[in-house]
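Peer 1: Please find one structure pasted underneath; my questions will follow.
Derivation of every value follows stated rules applied to the coordinates shown; laboratory data play no part. Given the structure is predicted, the values throughout are model-derived calculations rather than measurements. Note that each Cβ is placed from the backbone with ideal geometry, even for glycine, and that neighbours are counted across all protein chains shown.
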Amino acid sequence: MSLSSSMNNERGVGEIILQLDSISLAFGGIKALSEISFDVREHEIRAIIGPNGAGKSSMLNVINGVYRPQQGTIAFHGQVRRDMNTHHAAAQGIARTFQNIALFKGMSVLDNIMSGRNLKMRATLVEQAIYWGRARREELENRRRVEEVIDFLEIQHIRKTPVGRLPYGLQKRVELARALAAEPTLLLLDEPMAGMNVEEKQDMCRFVLDVNEQYGTTIVLIEHDMGVVMDISDRVVVLDYGKKIGDGTPDEVRANQTVIDAYLGVAH
Amino acid sequence: MLYREAGQFKTTYAADQQIFPIRQDRIGVVVLLVVAFLVIPVVANQYWFSAILVPTLIFALAALGLNILTGYAGQLSLGSAAFMAVGAFAAYNFVLRVPGMPLLLAFVLAGCCAALVGIVFGLPSLRIKGFYLAVATLAAQFFVVWALVKFPWFSNYSSSGVITAQKMEILGISFDTPLMKYLLVVSLVALLALAAKNMVRSSIGRAWMAVRDMDVAAEVIGIRILRTKLMAFAVSSFYCGVAGALYAYAYLGTVEPEAFTLDLSFRILFMVIIGGAASILGSFLGAAFITLLPILLSVLVHAMNELLQDLVHASLPASITSNMEFVVFGALIIFFLIVEPHGLARLWQIGKEKLRLWPFPH
């Protein structure tokens, strides 16, 4: 966590790749998000913060198509859409992790990560049943790529373990691995460090920064640990009760009086 | 002989991804195949072929089909017997109505017909899950049996509704003796089991398990939920359809709707539960358990009765002996479920893990 945001900026943040324009989402009478607009630039780490129930997870769900907003548009890579759908989002290179671990409990770590690459596999059912030709080639080829992710996240020793048997911190890491296996251009992380001890948090921060630096992956992350957020993110969006109350660099957000009042508390 | 993979290093991903990565397992499978194809045909008698081996293998195939749907893809179904019925009647009609239809092709097409029916009855799975889906598949069970009785075209306007299956002949070779029937069934079952194993270790298998374990996450990584579920219904029904055709041709010798009742669907579900969900081996173990145990019990009860006869010159009344079989059978099912709710396959796996360490405790 010693990396400062000034260091991050040296990676060269590029053009806007994701533009959300006045997104409104309601569940019946409850307004989860109202008129939210913000953008994400290529290669940056963009944090979304806000108190519980502010609409942070809903925001991610809108970005990758789990929820369909009633209003607004989403432009990803310049392609403007009313809403995303999950398959399209995945095919476009958006991957994510979940707040509550959403791994496939009955499968091994390796199979979980391999499943992240399902869109790269083209073999037909019959080819897979015979396990010959393209099916076999794809399995081996994708296995190689998956092993790179396994090396990157340092989880070689648990490759064959069923994920249900792993401790929480490692499960979070496997979930990140599954998302990375898809070679995303945009990675959505929903509280990747929640419930971790200091050491695990430091590891996770290191991985997030490494992903961003080595692969140039753009990252949107939700996190409650302010130390982490202020340290690793380039820009921060602040939500409260479904409204955007702040947007800018960590320093700007930290100085914003509305944000201080609403979220960090006046005493800070 | 020790069951241990020590010293067996994998230097390629291909070697690591083979079906049986441990050498001892590979030897075991070869031995099993040699026994199934060379030893059993020589040593077994007619009774073993037609009353024990053939039905067990056919039920194992049906259980394998249901296991793909329920164990791997997580969709509960009570319609297996219906899909078997579709397979049996489709095979009969293909052989009957298409001149020169090769039998194996008829079986494959029968499986495809069952797959289509499976897809139709799998459509509700997009909206409903678990027990509710099971009830929806129950509709398949009742509808198919009803339709086969209602429309006499399916049974070629036979007055009794019970029709004799045609003689089995492939490439001029007649499969009418118990031995030949056994060889046909064991070959098909072995091939389809291999195909099933290949599917569950490929991307479609991972997609099935992903949908089973966490459907939202599966959707987010780009798996199309409905397509994956319908694929599971199709493949599962294909297996059940082929099993149904074999059941009619190689076991019963007749094609009749009454052979494919809800009772059979439940038996196949029990095979999956007792054998072990999401396990190819489990389907075989479950089928063996459910088919062989009643036979074994009946032999035991008979022997006991004869012993009583010799000792005290009295025997148990038939009503008690026959019910005793059911009681013991039920008790054993409960016992096994308590000992290992994940089925016999898990017991086998635990045994293997223990063997790896034996004789050391850990």
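Peer 1: Over the Cα atoms of chain A, what is the Rg over Rh ratio if Rh follows Kirkwood?
Peer 2: 0.98
Peer 1: While we're on this one: Using a 10 Å cut-off on Cβ to Cβ distances, tally the other chain neighbours for every residue of A:110-120 and report the average as a whole number. Provide the component values of the computation, followed by the final result.
Peer 2: Working: counts 3, 5, 6, 0, 4, 12, 5, 4, 11, 4, 2.
Going residue by residue through A:110-120 and averaging, the value is 5.
Peer 1: Report the local net charge at residue A:207: Lys and Arg +1, Asp and Glu -1, summed over other residues whose C-beta lies under 9 Å from its C-beta. Kindly include the intermediate steps, with their values, before the conclusion.
Peer 2: On the way: positive: A:173, A:206; negative: A:154, A:203, A:210.
Counting the neighbours of residue A:207, the net charge comes to -1.
Peer 1: In whole Hz and in residue order, list the ³J(HN,Hα) couplings for segment B:281-287 that follow from phi through the Karplus curve 6.51 cos²θ - 1.76 cosθ + 1.60, θ = phi - 60°; x for Gly and Pro.
Peer 2: These are the phi-based 3J(HN,Hα) values: 4, x, 4, 6, 4, x, 5 Hz.
Peer 1: Here's another thing I want to ask about it. Rank B:349, A:156, A:186 by how far each Cα sits towards the positive end of the charge dipole of the protein assembly as shown (+1 on Lys, Arg Cβ; -1 on Asp, Glu Cβ) and give me just the farthest.
Peer 2: The residue sitting most towards the positive pole is B:349.
Peer 1: Taking H as built 1.01 Å from N, whose amide H comes closer than 5 Å to the amide H of residue A:221, not counting residues under 5 places away?
Peer 2: Excluding prolines and chain starts, which carry no amide H, the hits are A:46, A:47, A:48, A:189.
Peer 1: Give me the inter-chain shielding for B:184-195: mean count of other chain Cβ atoms within 10 Å, whole number please. If you can, show how the numbers build up before the last one.
Peer 2: On the way: counts 0, 0, 0, 0, 0, 0, 0, 1, 1, 0, 3, 6.
Mean partner shielding for this stretch: 1.
Peer 1: Ok, one more. How many lysine pairs are close in chain B, with Cα atoms under 21 Å apart and the two 8 or more places apart or on different chains?
Peer 2: Numbers: B:10/B:197; B:10/B:352; B:129/B:229; B:167/B:181; B:197/B:229; B:197/B:352.
Count of close lysine pairs: 6.
Peer 1: Follow-up question, since we're still on this one. Taking only DSSP H segments of four or more residues, each worth -39500 (n - 2.57), what value at 222 nm results for the protein assembly as shown once the sum is divided by all its residues, to the nearest 500 deg cm²/dmol?
Peer 2: On the way: 25 runs with 327 residues, N = 630.
Value at 222 nm, helices only: -16500 deg cm²/dmol.
Peer 1: Per-residue HN-Hα couplings for segment B:294-303, Karplus 6.51 cos²θ - 1.76 cosθ + 1.60 at θ = phi - 60°, whole Hz, x for Gly and Pro?
Peer 2: Those phi angles translate into x, 5, 4, 4, 5, 4, 4, 5, 4, 4 Hz.
Peer 1: Could you tell me which of B:225, B:101, B:84 has its Cα farthest along the dipole of the protein assembly as shown towards the positive end, charges placed at Cβ (Lys, Arg +1; Asp, Glu -1), taken about the Cα centre?
Peer 2: In the protein assembly as shown, that residue is B:101.
Peer 1: Same structure again: Give the cross-link partners of residue A:244 among the aspartates and glutamates, using a straight C-alpha distance below 17 Å as the criterion and excluding same-chain residues fewer than 8 apart.
Peer 2: Answer for residue A:244, where 17 Å is the Cα cut-off: A:21, A:35, A:39, A:223, A:252, A:261, listed by chain and number.
Peer 1: Excluding residues fewer than 8 places away in the same chain, name every one of the lysines whose C-alpha is closer than 28 Å to that of residue A:243.
Peer 2: A:31, A:56
Peer 1: About the Cα centre, and with charges only on the beta carbon of Lys, Arg (+1) and Asp, Glu (-1), how big is the dipole of chain B? Nearest 20 debye, please.
Peer 2: On the way: 22 positive and 16 negative charges, 228 e Å.
Using Cβ point charges on Lys, Arg, Asp and Glu, chain B gives about 1100 debye.
Peer 1: Another one. Could you size up the charge dipole of chain A around its Cα centre, putting +1 on the beta carbon of Lys and Arg and -1 on that of Asp and Glu, and report it in debye to the nearest 20? Each step should come with its number before you reach the end.
Peer 2: Details: 31 positive and 35 negative charges, 235 e Å.
Here chain A has a charge dipole of around 1140 debye.
Peer 1: Let me ask another. Among A:137-147, B:198-208, how do they line up from the highest to the lowest mean number of other beta-carbon atoms within 10 Å?
Peer 2: Values: A:137-147: 17.2, B:198-208: 23.7.
Ranked from most to least packed, the peptides come out as B:198-208, A:137-147.
Peer 1: Sticking with this structure for a sec: If you wrap chain B's Cα atoms in a convex hull and average its projection over all directions, what's the area in nm²? If you can, show how the numbers build up before the last one.
Peer 2: Numbers: hull surface 93.4 nm².
If you wrap the Cα atoms of chain B in a convex hull and average its projections, you get 23.3 nm².
Peer 1: Also, I was wondering about something else. To the nearest whole number, what is the average tally of beta carbon atoms from other chains within 10 Å of the beta carbons of peptide B:222-232? Display every interim value, and only then the final one.
Peer 2: Numbers: counts 16, 6, 3, 2, 0, 1, 1, 0, 0, 1, 0.
Per residue, the average neighbour count from other chains is 3.
Peer 1: Would you work out the charge dipole size for the protein assembly as shown about its Cα centre, treating the Cβ of every Lys and Arg as +1 and the Cβ of every Asp and Glu as -1, and quote it to the nearest 20 debye?
Peer 2: Values: 53 positive and 51 negative charges, 270 e Å.
Taking the Cα centre of the protein assembly as shown as origin, the dipole is about 1300 debye.
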